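The values are calculated or read from the model by the stated rules, or taken from the named source; none is laboratory data. Note that the coordinates shown come from a computational prediction; the quantities given were computed from them, not determined experimentally. Methodologically, a virtual Cβ is constructed for each residue, glycine included, from the backbone with ideal geometry; neighbour enumeration extends over all protein chains shown. Please note that ligands, DNA and RNA were not included when accessible areas were found on the heavy atoms of the full protein model with its side chains. Shrake-Rupley method; radii C 1.70, N 1.55, O 1.52, S 1.80 Å.
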Amino acid sequence: MEIAMRATPSFADPARPAPAFLDATGGALLFGRVLLFRGLGDAFLATWDRWQTIVPDDLALVPAHDLSRFEEYRGFDGCFRVAVGVTVAIASADEGPSAPFDDAAILRARDRAAQCLDARIVGVLAATLGAHDALALHGQHTRALLVPYGPIASVHLAHGVIAAALSTPPPGLARVRGTDMRERPHRDVVHGSLVASACDWDIAEPDLHAVRTARGRAFHLVARYG
């Protein structure tokens with residue numbers, strides 16, 4: 001599932017039609033690696049355009065940031081963290097919990113990521129980074145990454161069943177609920193277990209192998225604004 005759309009350098013507002021650049025809060029689960037770019041916002045945008053020409057169509061680029069007002073970053077000298085990998089699922093804060101996905105979808109994304117993020121692609125991406133961060137990219141494993149993006153973003157990875165918001169979870173299960181971009185709680189929740197969470201500027205690495213499967217339950221992403 002591709003969520004990072006191709007862009008031309010002349011695209012002005014938003015800076016690029018991609019997650020984090022749009023005024024939309026959400027979250028993604030990918031199998032991939034983390035690119036760490038250090039420098040000015042203008043240089044980051046130029047490097048983003050280089051990445052778009054490097055990565056194959058099966059790979060998505062998802063910044064763990066709110067870049068929807070990119071003019072604020074043009075003179076900003078800092079760090080930008082971007083996950084690159086094969087998407088398992090995405091969730092929008094304005095749309096409630098994601099569609100369900102299972103172990104088979106996770107395994108397909110993991111195997112595809114191992115093929116797409118090969119030594120050649122990793123090497124070309126590393127050449128766009130500083131020496132220290134290039135070495136770190138080479139040293140990473142391709143693994144599960146939970147990435148929030150957009151304004152005031154957080155995202156939960158839950159394992160359970162969709163239920164009405166006002167219903168009571170069965171004994172031993174938690175209620176995992178998000179909010180839309182008006183900070184209104186979602187009408188649907190997930191009754192189950194909270195596997196992992198990540199908030200703005202953070203990327204979590206969930207241990208998907210530790211989740212105990214149960215009949216009728218599936219994985220869901222739940223995004224939250226605020």
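Charged side chains reduced to their Cβ positions (Lys and Arg at +1, Asp and Glu at -1) give segment 65-169 a dipole of some 280 debye around its Cα centre. Potential lengthening of the chain between His209 and Arg50 amounts to 53.8 nm, from the contour at 0.36 nm per residue minus the alpha-carbon distance.
Computed per residue of the chain from DSSP H runs no shorter than four, each worth -39500 (n - 2.57), the mean residue ellipticity at 222 nm is -6000 deg cm²/dmol. The ellipsoid equivalent to the alpha-carbon distribution of the chain has semi-axes of 30, 21, 13 angstrom, derived from the gyration tensor eigenvalues as √(5λ) and listed largest first. The length gained on full extension between Ala165 and Leu135, counted as 0.36 nm times the residue separation minus their Cα-Cα distance, comes to 6.2 nm. Nearest 20 debye, what's the magnitude of the dipole of the chain about its Cα centre given +1 on Lys and Arg Cβ and -1 on Asp and Glu Cβ? Computed charge dipole of the chain: roughly 580 debye. A cut-off of 5 Å between modelled amide H atoms, ignoring neighbours fewer than 5 places along the same chain, links Ala20 with Gly150.
In the frame of its principal axes, segment 65-169 has Cα extents of 52, 37, 16 Å, reported largest first. Taking other residues whose beta carbon is less than 12 angstrom from the beta carbon of Cys199, and scoring Lys, Arg as +1 and Asp, Glu as -1, yields -2.
Here the chain is scanned for GluC sites (Glu not before Pro) in DSSP loops (not H, G, I, E, B) that have at most 13 other Cβ atoms within 10 Å, and the longest stretch holding none of them is 3-182. What a 1.4 Å probe finds exposed on segment 65-169 is 57% carbon and sulfur by accessible area, rounded to a whole percent. This model, with +1 at the C-beta of Lys and Arg and -1 at the C-beta of Asp and Glu, gives segment 12-142 a dipole about its Cα centre of some 460 debye.
Taking other residues whose beta carbon is less than 12 angstrom from the beta carbon of Leu166, and scoring Lys, Arg as +1 and Asp, Glu as -1, yields +2. Highest mobility in the GNM of the chain, judged by mean-square fluctuation with C-alpha springs under 10 Å and restricted to Pro63, Pro170, Pro100, is found for Pro170.
In this label model, Leu36 and Asp23 are separated by 3.3 nm, measuring between points 7 Å along each Cα→Cβ vector.
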